[in-house]
Amino acid sequence: MFVPYRDVAGAEANTFGKIVMEGNLADVQTYLAAEKLSSNDIFNMKWGRTQVPIFNMIHMLIQVIPESRSKYLAITRHLIEVCKVPVDGTDLSGTTALSHCFSTKPATDLEYAEMLTAAGGDVNHRNRYGGTVAHEIVQVYDFGNPAAVSRAGRSLQFFLFHGGNLDIKDGDKATARASLMSVARSGNFRALTAMVSDEDRRRAAIQEPHCALCGGTEDVMMCTRCKKAYYCRRERRQCQALHWPEHKKACSPPN
């Protein structure tokens, strides 16, 4: 378990983590310049027993010290825009900061999630167990709690809006769509299933070349084997790799 005051400010924590926790952007800039840390140096830093990378760490600091939220967001912008630190670092569970902050956990933070998505974060990222955040979002155990279902709805909306795919299988070969359909009869879940149906129709109606996994239309490339399906370019997202288990059934070279 990651404990900020122990793992970031404790005796065994590194100096950079302590400076970030203090929330002073000028001090962060001064330290980075003095130590000549590269984007990879920062990216490869880890904190605590669960090996939390920089953006995951900042996400947790925002939850623990909410009064410093604006300062932490300013540091995040600097690390992304100036230092060019990649946002797809993972903790011991194989989870990115983006995945953590639009899940249905109490630490849900869609503003922070938006920042990470804009910087290249992938909502379809799979953790070490093969699951996406969608697998968690649709597993609302308290069906009768409107607040819990509403939080799941906001997270699902974020997921779909940013190209989330409900048909990615986890390590047990289960999809988030199948899990959602299994509870679709619950009245509180009708809004979620309607949201999914609307997005399915929207993507099906797209006329221009678009990614077969996420529906994106910007900077897509054709599958070089079948020359039918399109995917986001590899340097942007892992859409083609994620969709291959399904696409391989129909992918064959043209005659």
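Just so you know, all these numbers are worked out from the coordinates, no wet-lab data involved. Predicted model only: the values in this text are computed from it and were never measured. Cβ: placed from backbone, ideal geometry, glycine included. Neighbour counts: every protein chain shown.
3J(HN,Hα) along region 126-139: 9, 7, 5, 9, x, x, 9, 4, 4, 4, 6, 4, 7, 9 Hz, from the Karplus curve 6.51 cos²θ - 1.76 cosθ + 1.60 with θ = phi - 60°, whole Hz, x for Gly and Pro. Look at the dipole of the chain built from charges on Cβ: of ALA9, THR76, CYS223, the Cα furthest out on the positive end belongs to CYS223.
How would you rank THR224, THR30, going from fewest to most other Cβ atoms within 10 Å of each one's own Cβ?
On the way: THR224 8, THR30 12.
Listing THR224, THR30 from fewest to most nearby Cβ atoms yields THR224, THR30.
Taking 21 Å as the limit for the C-alpha separation, the pairs LYS71/LYS105; LYS227/LYS248; LYS173/LYS249; LYS18/LYS46; LYS46/LYS84 exceed it in the case of LYS71/LYS105. Normalising the average separation of contacting C-alpha pairs (under 8 angstrom, six or more residues apart) by the number of residues puts the relative contact order of region 123-205 at 32 percent.
How big is the dipole moment of region 208-255 about its Cα centre under a simple scheme where the beta carbon of each Lys and Arg is +1, that of each Asp and Glu is -1, and everything else is neutral? Debye, nearest 20, please.
240 debye
Applying 0.36 nm per residue to the separation of THR50 and GLU111 and subtracting their alpha-carbon distance, the gain on full extension is 19.5 nm. Within 10 Å of each candidate Cβ there may be at most 12 other Cβ atoms; applying that plus a DSSP loop requirement, which trypsin sites (Lys or Arg not before Pro) in region 165-255 survive? Loop-located and lightly packed - LYS173, ARG185, LYS227, ARG234, LYS248, LYS249.
Using a 7 Å offset from Cα along Cα-Cβ at ALA26, what residues in region 38-71 end up with backbone N under 20 Å from the label point? What the label zone holds, given the 20 Å backbone N cut-off, is 68-71.
Average projected area of the Cα convex hull of the chain, in nm²? Let's see the in-between values first.
Details: hull surface 61.3 nm².
If you wrap the Cα atoms of the chain in a convex hull and average its projections, you get 15.3 nm².
For the chain, relative contact order (Cα pairs under 8 Å, six or more residues apart, normalised by length) works out to 11 percent.
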